[in-house]
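See structure below.
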Amino acid sequence: MKTLAFSELLHNNPAASRDNRLTSLTGSDTPTRVDGSNQPGKKINPFRKFLASAKAIALVMILLFSVSMAQAATITSTATGGVWATGGTWVGGVAPTATDIAVIATTGANSVTLGAATTCGGLTINAGATLTISTNTITVNTGATSISGTINFTSSTGTKTFNTDVTLNSGAVWSETSNPSMTFGGSFTNNATTFTAGSGTHTFSAASGGTLSGTTASVIQSATFTTNYTNSGTLTCATALTVTGAAIRLTNTGTITATTALAGTGGITQGASGILNIGASAANLTLATLDASTNTNTVNYTTGSQTVKAVAYSTLGLSGTSAKTMTGVTTIGAGPQSL
């Protein structure tokens, strides 16, 4: 029998010769065409499959990043300002959309003014800059509000809604020359140089709870809390302080003064070192719950003829020339009292 050399076997078997050449090119014992595709019924080349997957993932990431960038941008006003909706008011000639962060950067007496209902993604007012809001509605959506300049509210018409945190930095001027209603959906930090609120109701409604803080007193005539908040600053309500909802608590580790009315189906929890000054008469002291004994704190009844709420107290202060009625008050802490 004739013995054939290996080269002769390949020559006599074209299919084997072709597969051998392809195998040597790919490093795989699975025949793969030179064009990268597999023969029917054969396994896919793992390296080429990996490359294809990596390219697809990279393309998806690029597309997602592009969409994100398209959805939100920072739009800065010119130094001269103008009407918010006018392109020329903004660097680049395009007014902010509902997802953009608007930066007010006017100088001198210039300002940006609202000429229509306006929504933006976030709001920054630079030091020395001014935003004036009159009869129109403004809504700050998902981004924070940071103010180092001046914000003027000159009309009680139109809702003013800040859906996330508001920070008034040193040098800020918050001026409500009318009586607008305000809604805050986040925390409120007040370090403003000047803070003036009107008589419209200021509603605090952070979904996951919020804080009131800062070195400047927040003198708000009417404040309503519909979710849990903690006050570590100074809050003064000349007309009404209301806490709404049986499970809602306003925790106080700072100073709260309710001059005329303290009401609502919720409650106030006095935290450590908290001071609560109550000027409300019996008819206007209708707050459902007051915890004034769990922590070391002070509650002062400050004016006129008052009925002291029948709860336990850590430290109780009574002032004014008229008599106080203390029916039902059975426990007062061992600390110094001011009677």
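A short reminder: the numbers here are calculations on the coordinates, not readings from a lab. Because the structure is predicted, anything quoted here is derived from the model rather than measured. Cβ: placed from backbone, ideal geometry, glycine included. Neighbour counts: every protein chain shown.
Observations
- Among 227-234, 289-296, sorting by the average number of other beta carbon atoms lying within 10 angstrom of each residue, highest first, gives 227-234, 289-296.
- Whether the range 221-270 is rounded, prolate or oblate, judged on the alpha carbon gyration tensor where a/c under 1.5 counts as rounded: oblate
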